[in-house]
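Take a look at the structure below.
What follows draws every value from the coordinates through simple rules; no lab data is involved. Note that this is a predicted model, so its numbers are computed, not measured. Cβ atoms come from the backbone with ideal geometry, glycine included; neighbour counts cover every protein chain shown.
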Amino acid sequence: MSDKKVPFLQTNLPVPLPDSSNYLEQLSRYLALSLSVPERAARALSAIVGGTTMMLTATLLPESIRQSVSYRFTAGMFQTFLIKNIAGMSSTETDTELRDEFATRKLLGSSLEAAGLLTMQFSPVWVFAIASDTAKGGQVFCKGLCTI
């Protein structure tokens, strides 16, 4: 056998390790990107759901319903919260504006509403919202009658 070396048998063992500082930076970047996937998915999903429902309600519901207290209390605030707070799209125009500390206020309001539902079998908040919408509808109806 000759002393000639076969190319596929030549190895450079031990394999040199990559620069440890560069390797750790790449690994931490990869882990950070991997761990942020659920957050980015939640933000994207909330932007899709909020934007789609806002577009559908803007095209399908008349202005009088979108300006009602019941609508703003249920769907309007939820859409705005999804789009502006969760999705992070603060430049988007929405029908309703959220006050400061919306999540805290909503949590407290929901707990009071649940207490009302458990004790009186109806929610006082819903009763007042429906009464307000009924009064506003009656006012619009009376104005319509006066112009005829």
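When the C-alpha atoms of the range 102-148 are aligned to their principal axes, what extent does each axis show, in angstrom, from largest down?
In descending order, the Cα extents are 46, 26, 5 Å.
Quick one: grab the alpha carbon gyration tensor of the range 54-120, order the square roots of its eigenvalues as a ≥ b ≥ c, and give me rounded if a/c is under 1.5, else prolate or oblate depending on whether a/b is larger than b/c. Before the final figure, lay out the partial values.
Numbers: a/c = 2.79, a/b = 1.36, b/c = 2.05.
Oblate.
So what is the relative contact order of the range 36-148, in percent, for Cα pairs below 8 Å that sit 6 or more residues apart? Kindly include the intermediate steps, with their values, before the conclusion.
On the way: 64 pairs, mean separation 27.9, N = 113.
Once normalised by length, the contact order is 25 percent.
Restricting attention to the range 28-128, which chymotrypsin sites (Phe, Trp or Tyr not before Pro) occupy a DSSP loop and are surrounded by at most 11 other Cβ atoms within 10 Å? Show your work: numbers first, answer last.
Working: sites: TYR30, TYR71, PHE73, PHE78, PHE81, PHE102, PHE122, TRP126, PHE128; in loops: PHE122.
Filter output for the range 28-128: PHE122.
Karplus couplings for the range 108-117 from phi (6.51 cos²θ - 1.76 cosθ + 1.60, θ = phi - 60°), rounded to Hz, Gly and Pro as x?
5, x, 5, 5, 5, 5, 5, 5, x, 5
With θ set to phi - 60° and the Karplus curve 6.51 cos²θ - 1.76 cosθ + 1.60, what are the ³J(HN,Hα) couplings of the range 84-91 in order, to the nearest whole Hz, using x for Gly and Pro?
7, 8, 7, 6, x, 9, 6, 7
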